[in-house]
Amino acid sequence: MASQSYGVKVNIPSSGNDVFLQLSGPAKAGWVGTGIGTQMKGALIFVIYSDGNGNVTVSPRLGLGEFEPEFESSIDYTLLEGSGVENGIMTANIRCGNCRKWNGGSLDVTTTSQNFIWSIGNNEQVATTKPDAEIHQHKAFGFYALNLKDATSTNATSNPFLTSGTSTSTGNTSSATGSEPGVSIAPPRTKADKVLIAHGMILSFTAFAFHHFYL
C-alpha cells in the first residue's frame, strides 16, 4: 500500500452476524472514515484515528446529514490484531457483530452492489483513545460500491485480514482502494477491475473525491 493511500476491505462470513472491515489511510490526514449507505444521513460510519500510542481508535458513528456524525455506543465492535500505525498509514481491522442492521439502515450481504461512502480528514491531528472524539471538516469524500457476494467466505476465522502476504486473505475479500484524493480526481465512480489473488478475489475500485463539505 502506497504511503498516501486510502483503502477498504470487507469480509462477510457465510454464517452468523459478524462483518469484518479493514480501513486504512494516511496518518497525516488525522482521521479517515467509511460508511454503509448512499449518503451521510442514516449511514453507519466507522472513523479511525490515532490513539496516541502507536495504535488506532475505532469510532462507530451514525450519520446525521451535513453534520458531524455522533458516536453510536450500541455498535458491537472489536479492534483486531494487525491494527496500528506504521510507515505513515493507519490501519484498523474491525469485527462488527451487529452491523447488518442498525437504526436507520442495513447492510445487504447478498447484493452485488452495496453502496458505501468514504471520507478523509483535513490534516488536523486526533490522538486519543476516546471513541467520541470531536472531528472536524473533512478534506474530501466520495462514494463506492462493493460486490458483497464476492466478499462472502465459508472459511470460519476470527480475523480474515491476518495473512502471510500483504494482499491475500482467508476466504474472499471485496475491497475498495484509491490514492489520497487530489484536485485531478474525477468522475465519482468507475467500473471494477477484477484481480485474482491467492485465497480469494479482490474487486478493486477507485475512490473519487468531492471537496470541502462536512461529514
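The values are calculated or read from the model by the stated rules, or taken from the named source; none is laboratory data. None of these values were measured; they are calculated from a predicted model. Cβ coordinates were reconstructed from backbone atoms using ideal geometry, including for glycine residues, and neighbour counts include every protein chain displayed. We work out accessible area using only protein heavy atoms, side chains counted, and drop any ligands, DNA or RNA first. Shrake-Rupley method; radii C 1.70, N 1.55, O 1.52, S 1.80 Å.
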Value of D in µm² per second that Stokes-Einstein yields for the range 1-108, Kirkwood Rh from Cα pairs, at 37 °C (0.692 mPa s): 233
Per-residue ³J(HN,Hα) for the range 49-66, Karplus 6.51 cos²θ - 1.76 cosθ + 1.60, θ = phi - 60°, Hz, x for Gly and Pro: 8, 5, 8, x, 10, x, 10, 10, 9, 9, 10, x, 9, 9, x, 10, x, 7
Accessible area expressed per residue, the range 1-152, with surrounding protein chains retained (probe 1.4 Å, Å²): 41
Pair-distance profile P(r), taking every C-alpha pair of the range 66-114, with 5 angstrom steps and integer %: 5, 14, 16, 20, 21, 17, 6, 0
Kirkwood hydrodynamic radius (C-alpha pairs) into Stokes-Einstein, the range 78-153, 37 °C and 0.692 mPa s, D in µm²/s: 216
Local net charge near K101, Cβ-Cβ under 15 Å (Lys/Arg +1, Asp/Glu -1): -3
